[in-house]
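Engineer: Below is a structure I'd like to ask you about.
The values are calculated or read from the model by the stated rules, or taken from the named source; none is laboratory data. Computed from a predicted structure; not experimentally measured. Virtual Cβ from ideal backbone geometry, glycine too; neighbours counted across all protein chains shown. Only protein heavy atoms, including side chains, enter the accessible area calculation; ligands, DNA and RNA are left aside. Shrake-Rupley method; radii C 1.70, N 1.55, O 1.52, S 1.80 Å.
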Amino acid sequence: MAQTNLTIRIDNSDKKAFASICKNMGLTVSAAYNVFTKAVIRNRKIPFEIEDTSDDDFYNPANIKHLEEQVKLYNEGKMKFVTKTLEELEEMGK
């Protein structure tokens, strides 16, 4: 069977941690990726669940950026906070 190389980019600390775990299992990093590849091919899906949690994660990067921009505007005096009661908000929604 002909073989080829695959180059990926990964955080250095993640690579070291992954390599250490693979070694403890008696695998090389290459062998672990081959196991992953074969599982994807065999099952025609990623062999574990991947899910986007950004919608329910308050501290996602996009929200943090937005909040930082709002704080900056507030500190520059370009924005003010308004307090409304629940009844006032419900009235505004009509």
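Engineer: Would you kindly state the longest site-free stretch of the chain, with sites defined as chymotrypsin sites (Phe, Trp or Tyr not before Pro) in a DSSP loop (not H, G, I, E, B) surrounded by at most 15 other Cβ atoms within 10 Å? Each step should come with its number before you reach the end.
Structural biologist: Numbers: sites that count: F48, F58, Y59, F81.
Within the chain, the longest run free of exposed chymotrypsin sites (Phe, Trp or Tyr not before Pro) spans 1-47.
Engineer: So, one more: Accessible area per residue for region 1-63 in Å², computed with a 1.4 Å probe and the full protein assembly in place, what is it? Don't skip to the end; give the middle numbers.
Structural biologist: Working: 6110 Å² over 63 residues.
Using a 1.4 Å probe on heavy atoms only, each residue of region 1-63 averages 97 Å².
Engineer: What angle, in degrees between 0 and 90 and rounded to the nearest 10, separates the Cα long axis of helix 12-24 from the longest principal axis of the Cα atoms of the chain?
Structural biologist: With both axes taken from Cα atoms, the answer is about 40 degrees.
Engineer: Could you compute how fast the chain diffuses translationally, taking Rh as the Kirkwood radius over C-alpha pairs and applying Stokes-Einstein at 10 °C with viscosity 1.306 mPa s? Give it in µm² per second.
Structural biologist: 83 µm²/s
Engineer: Where the accessible area of the chain is counted over protein heavy atoms with a 1.4 Å probe, how much of it, in %, is carbon and sulfur?
Structural biologist: Numbers: 5110 of 9250 Å².
Ligands and nucleic acids excluded, carbon and sulfur reach 55 percent.
Engineer: How about region 1-84: which GluC sites (Glu not before Pro) there are in a DSSP loop, with at most 14 other Cβ atoms within 10 Å of their Cβ? Write down the numbers at each step before the final one.
Structural biologist: Working: sites: E49, E51, E68, E69, E76; in loops: E49, E51, E76.
Taking region 1-84 and a limit of 14 other Cβ atoms within 10 Å, the loop GluC sites (Glu not before Pro) found are E49, E51, E76.
Engineer: Moving on to the next point. By how many degrees, between 0 and 90 and to the nearest 10, does the Cα long axis of helix 61-75 differ from the longest principal axis of the chain?
Structural biologist: The angle comes out near 30 degrees.
Engineer: Between N34 and M1, with labels modelled 7 Å along Cα→Cβ, what's the label distance in nm to one decimal, could you check?
Structural biologist: Spacing of the two 7 Å Cα→Cβ label points: 0.7 nm.
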